[in-house]
Amino acid sequence: MNSDVILKVENLKTYFNTDDGIVKAVDGVSFELHKGETLGIVGESGCGKSVSNLSVMKLIPSPPGKIMAGKALLYGENIFDMTSDEVRRLRGNRISMIFQDPMTSLNPFLRISTQMVETIRLHQGMDRKDAKKKAVEMLQLVGIPNPGKRVVDYPHQFSGGMRQRVMIAMALSCNPEILIADEPTSALDVTIQAQILEIIKELTRKLGTAVIMITHDLGVVAGICDKINVMYAGKIVEEAPVDDLFHDPQHPYTRGLIKSVPRLDKPHKGRLFSIEGQPPNVIDLPDCCPFHPRCKQALDICRKKYPPETAIGEKRCVSCWLFKEGK
Amino acid sequence: MADNNILLEVKNLKMHFPIEEGLLFKKRVGSIRAVDGIDFVIRSGETMGLVGESGCGKSTTARAIAQLYTPTAGEVIFKGRDLCTLPKNELLKERMDLQMIFQDPYGSLNPRMTAGDIIAEPLTVYANRKLIDMSRQDIRKRVEELMEKVGLSRFFINRYPHEFSGGQRQRIGVARALALNPKLILADEPVSALDVSIQSQILNLLQDLQDEFKLTYLFIAHDLAVIEHISTRVAVMYLGIIAEIADSTTLYKKPLHPYTKALLSAVPIPDPVVERKRQRIILEGDVPSPDQERSGCYFYDRCPNAMADKCKNNIPPLKEVEKNQQVACFLYSDPE
């Protein structure tokens with residue numbers, strides 16, 4: 001069953017050196033991505049969901065950031081051992097990324113055609129004419145009306161939703177094996193978000209691309225993902241297939257998170273469930289469970305030691321002392 | 001209907017911003033019609049939700065009500081007086097009962113003031129003008145009381161905004177809005193910048209405060225689930241007009257306007273089983289620019305049910321179609 005693992009991240013640790021101390025943004029994250037699968041990474045701001053994936057792409061600014069330990073194996077080959085030239089050939093070709101803000105990730109001075117043709121020529125070795133044809137084709141695929149004309153426009157001539165479509169077209173233009181989508185719809189309105197999610201879902205299925213979807217929105221992952229990792233303070237606290245996670249969440253944090261979102265389909269007035277307290281500061285975090293100050297079921301041991309991963313069934317994992325004891 | 005219960009009445013409110021060209025001799029070449037004629041009432045004790053996509057005029061509406069902008073046209077009748085025509089000192093008095101909470105907990109607090117000063121500011125402003133009778137000791141006591149009310153320790157009184165987290169900062173904003181014991185609070189996206197676990201804390205706080213102080217809210221958000229949770233009535237805005245107003249339960253169970261339907265179907269629901277079964281109405285295209293005067297329905301370009309003649313050439317008025325449900329759409333009424 002391990003033959004279709006595309007990307008395997010093992011014990012990744014990314015730390016940032018700051019004046020206040022060492023920020024352990026990602027602290028021992030491991031996960032696997034299978035062929036054609038959509039993996040969701042959920043968590044609140046500052047939990048390390050973006051940094052873990054930027055690390056995989058070797059896009060962490062260093063200094064202050066540093067990948068302290070771990071491996072990112074793309075078909076068994078460690079990305080962290082590659083030279084920067086080799087990684088550059090990887091990015092945009094075998095692993096593509098789309099970001100939250102489509103305005104800042106496109107060059108405002110260059111026409112869409114210039115930016116897309118550059119990527120395609122570099123990675124696919126096509127000549128200018130073919131590359132442009134391919135670019136128009138991709139724009140058509142993501143539903144940009146009149147792509148033959150629009151391809152020579154500048155980014156500011158597109159609306160937010162259209163820009164995100166251009167980003168997707170660009171990211172998929174080299175048939176990557178992995179698409180990392182970092183909050184691709186958080187800056188967009190709901191009706192536009194629905195359009196964009198539909199496109200991502202359809203195109204990646206058609207092209208067989210595996211997707212890592214990073215988001216804070218539980219609704220988005222529920223609709224699009226097969227498997228979900230929940231992150232808290234730099235660690236993955238729970239890992240489960242999408243149905244299990246939503247219908248039978250195990251970790252107290254996951255349970256709280258799911259319960260604290262108001263739901264359209266199950267209206268209820270009155271008080272919402274809420275997790276008391278604040279997310280922890282990840283500077284010089286002691287070796288305890290970072291969630292224990294907010295956890296209603298915290299045990300003594302939670303204050304002293306970080307819980308190891310406990311497997312529940314075949315496909316699920318949870319890091320919590322409640323599941324270690326007595327099982 | 002006991003209409004002496006009406007706290008705020010907005011009549012044909014319009015807010016147009018000029019588009020100017022030229023460096024030295026500015027010439028008005030057009031206008032952004034951010035709010036283009038809206039009517040609604042808010043009754044005492046209710047929470048009116050205002051929902052819509054970015055650029056539809058929700059925030060502008062709140063700001064025009066608070067007279068932070070001078071409306072282009074229309075009336076804002078608060079407790080029986082039209083705020084748009086009041087002289088400045090009278091307006092100041094009326095505004096004691098009308099306060100705002102803003103979206104950005106980072107941008108809406110002065111970084112050079114302590115939490116205590118920020119919360120005290122409305123009190124000092126009114127005390128200096130002799131509109132309220134409070135000494136400095138009274139104010140300090142009131143600030144401490146307010147901090148405890150919103151769930152902040154009063155030992156934080158001398159801290160600066162950067163020392164607080166986003167959720168705590170929003171609590172400071174709430175305390176500041178409460179300082180003058182207002183009747184109506186205009187909350188402009190108060191939870192949009194917050195994480196899920198913090199968002200539910202703030203929503204609960206707002207509800208508790210409403211019960212305790214008999215507050216009335218105009219609650220603005222783009223998140224339909226949040227609006228559903230907190231509101232008793234909901235108005236859906238599109239391109240500067242109101243497409244539909246109804247009781248919250250009615251609107252979510254039986255939306256009438258095609259835009260409301262599409263909007264509701266686009267919201268992702270955190271449940272994979274429900275998500276797989278859902279039929280989405282995916283709207284084509286983007287929201288058009290509000291810089292043109294419209295002669296037909298504002299939603300015509302994107303409406304899946306648009307009727308060529310009727311909708312293109314007539315503007316549908318907001319009409320009561322069902323009990324407590326007003327819709328601006330020709331599917332439910334004919335042009336006159």
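The values are calculated or read from the model by the stated rules, or taken from the named source; none is laboratory data. Just so it is clear, the model here is predicted, and its values are computed rather than measured. Glycine also receives a Cβ, built like all others from the backbone with ideal geometry; neighbour counts cover every protein chain displayed. Accessible surface is based on the protein model in full, side chains and every heavy atom, while ligands, DNA and RNA are left aside. Shrake-Rupley method; radii C 1.70, N 1.55, O 1.52, S 1.80 Å.
Taken together, A:L141, A:L122 contain a single residue that is out of contact with any Ser or Thr (no Cβ under 8 Å at 6 or more places or on another chain), in contact (Cβ under 8 Å) with a residue 60 or more places away in the chain and hydrophobic (A, V, I, L, M, F, W, C), which is A:L141. Scanning the stretch B:185-226 for residues that are among the hydroxyl-bearing types (S, T, Y) and within 10 Å of chain A (Cβ to nearest Cβ) returns B:S197, B:S200. Applying the criterion of being at pLDDT below 90 and not hydroxyl-bearing (S, T, Y) to the residues of the stretch B:29-51, the residue that is farthest from B:G80 (Cα to Cα) is B:V29. Screening B:L83 on (1) closer than 21 Å to B:G173 by Cα; (2) surrounded by fewer than 22 Cβ atoms within 10 Å (Cβ to Cβ) shows it passes everything except condition (1). Of all residues in the stretch A:266-281, exactly one satisfies the criterion of being crowded, with 22+ Cβ neighbours inside 10 Å and either more than 9 Å from chain B (Cβ to nearest Cβ) or of a type outside the set (V, I, T) (or both), namely A:P279.
One line per residue, one yes/no per condition, for (1) touching a strand residue (DSSP E or B) at 6+ places or on another chain (Cβ under 8 Å); (2) outside the structural domain of A:E44 (by TED's automatic domain parsing); (3) surrounded by 16 or more Cβ atoms within 10 Å (Cβ to Cβ):
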{"site": "A:V220", "(1), (2), (3)": "yes, no, yes"}
{"site": "A:G223", "(1), (2), (3)": "no, no, yes"}
{"site": "A:V237", "(1), (2), (3)": "yes, no, yes"}
{"site": "A:V242", "(1), (2), (3)": "yes, no, yes"}
{"site": "A:I258", "(1), (2), (3)": "no, no, yes"}
{"site": "A:C288", "(1), (2), (3)": "no, yes, yes"}
{"site": "A:Y306", "(1), (2), (3)": "yes, yes, yes"}
{"site": "A:T310", "(1), (2), (3)": "yes, yes, yes"}
{"site": "A:C317", "(1), (2), (3)": "yes, yes, yes"}
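Checking each residue in the stretch A:104-121 for being at pLDDT below 85 and surrounded by 15 or more Cβ atoms within 10 Å (Cβ to Cβ) picks out only A:S105. All of (1) out of contact with any Ser or Thr (no Cβ under 8 Å at 6 or more places or on another chain); (2) closer than 30 Å to B:R278 by Cα hold for A:K304 with one exception: (2).
Inside the stretch B:299-336, can you point out the residues that are acidic (D, E) and either in a loop (DSSP other than H, G, I, E, B) or loosely packed, with under 13 Cβ neighbours inside 10 Å (or both)? B:D301, B:D309, B:D334, B:E336 - these are the residues of the stretch B:299-336 that are acidic (D, E) and either in a loop (DSSP other than H, G, I, E, B) or loosely packed, with under 13 Cβ neighbours inside 10 Å (or both). Could you run through the stretch A:216-253 and say how many residues are within 11 Å of another protein chain (Cβ to nearest Cβ) and in a helix (DSSP H, G or I)? Within the stretch A:216-253, residues that are within 11 Å of another protein chain (Cβ to nearest Cβ) and in a helix (DSSP H, G or I) number 14. Listed by first and then second residue, the pairs with beta-carbon distance under 8 Å, at least 6 apart or on different chains, first residue in the stretch A:88-102 and surrounded by 18 or more Cβ atoms within 10 Å (Cβ to Cβ), second basic (K, R), are A:M97/A:R91; A:P102/A:R163.
Would you call A:Q124 surrounded by fewer than 21 Cβ atoms within 10 Å (Cβ to Cβ) and out of contact with any strand residue (DSSP E or B) (no Cβ under 8 Å at 6 or more places or on another chain)? Here the answer is yes, as A:Q124 does meet what is asked.
Residues in the stretch A:185-193: is at least one surrounded by 18 or more Cβ atoms within 10 Å (Cβ to Cβ), over 23 Å from A:L12 (Cβ atoms), at the interface with chain B (Cβ under 8 Å from one of its Cβ atoms) and of a type in the set (A, V, I, L, M)? Checking the stretch A:185-193: at least one residue is surrounded by 18 or more Cβ atoms within 10 Å (Cβ to Cβ), over 23 Å from A:L12 (Cβ atoms), at the interface with chain B (Cβ under 8 Å from one of its Cβ atoms) and of a type in the set (A, V, I, L, M).
Being within 23 Å of B:A62 (Cα to Cα) and in contact with a helix residue (DSSP H, G or I) (Cβ under 8 Å, 6 or more places away or on another chain) is the requirement here; does B:F330 meet it? No, not satisfied.
Picking from residues in the stretch A:2-43 that are open to solvent by 10 Å² or more (accessible area, probe 1.4 Å) and within 14 Å of chain B (Cβ to nearest Cβ), the one that is nearest to A:C225 (Cα to Cα) is A:T38. Only one entry in B:Y259, B:Y252, B:Y238 is out of contact with any helix residue (DSSP H, G or I) (no Cβ under 7 Å at 6 or more places or on another chain) and within 12 Å of chain A (Cβ to nearest Cβ), namely B:Y259. The one condition from (1) of a type in the set (G, A, S); (2) more than 18 Å from A:S52 (Cα to Cα); (3) in contact with a Gly (Cβ under 6 Å, 6 or more places away or on another chain) that A:G277 does not meet is (3). When the stretch A:178-208 is filtered for residues that are part of a loop (DSSP other than H, G, I, E, B), without any contact (Cβ under 8 Å) to a residue 60 or more places away in the chain and not hydrophobic (A, V, I, L, M, F, W, C), the ones remaining, listed by number, are A:T185, A:D189. Among residues of the stretch B:161-173 being under 20 Å from the mean Cα position of the chain (by Cα) and over 23 Å from B:G57 (Cα atoms), the one that is nearest to the other protein chains (Cβ to nearest Cβ) is B:G167.
Here A:R263 meets each of (1) touching an Asp or Glu at 6+ places or on another chain (Cβ under 8 Å); (2) away from chain B (no Cβ under 13 Å) with one exception, condition (2).
If you check B:K26 against the conditions, is it open to solvent by 70 Å² or more (accessible area, probe 1.4 Å) and touching a Gly at 6+ places or on another chain (Cβ under 9 Å)? Criteria not met by B:K26. Would you confirm whether or not the stretch A:301-320 contains a residue that is more than 30 Å from A:L172 (Cβ to Cβ) and within 12 Å of chain B (Cβ to nearest Cβ)? Looking through the stretch A:301-320, none of the residues is more than 30 Å from A:L172 (Cβ to Cβ) and within 12 Å of chain B (Cβ to nearest Cβ).
Scanning the stretch B:262-279 for residues that are of a type in the set (D, E, K, R) and either under 14 Å from A:L245 (Cα atoms) or within 7 Å of chain A (Cβ to nearest Cβ) (or both) returns B:D271, B:E275.
Kindly indicate whether any position in the stretch A:293-307 is touching a Pro at 6+ places or on another chain (Cβ under 6 Å), at pLDDT 85 or above and acidic (D, E). Among the residues of the stretch A:293-307, not one is touching a Pro at 6+ places or on another chain (Cβ under 6 Å), at pLDDT 85 or above and acidic (D, E), which makes the answer no. Taking the criterion of being among the hydrophobic types (A, V, I, L, M, F, W, C), farther than 16 Å from A:M57 by Cα and more than 14 Å from every other protein chain (Cβ to nearest Cβ), the residues of the stretch A:194-215 that qualify are A:L203, A:L207.
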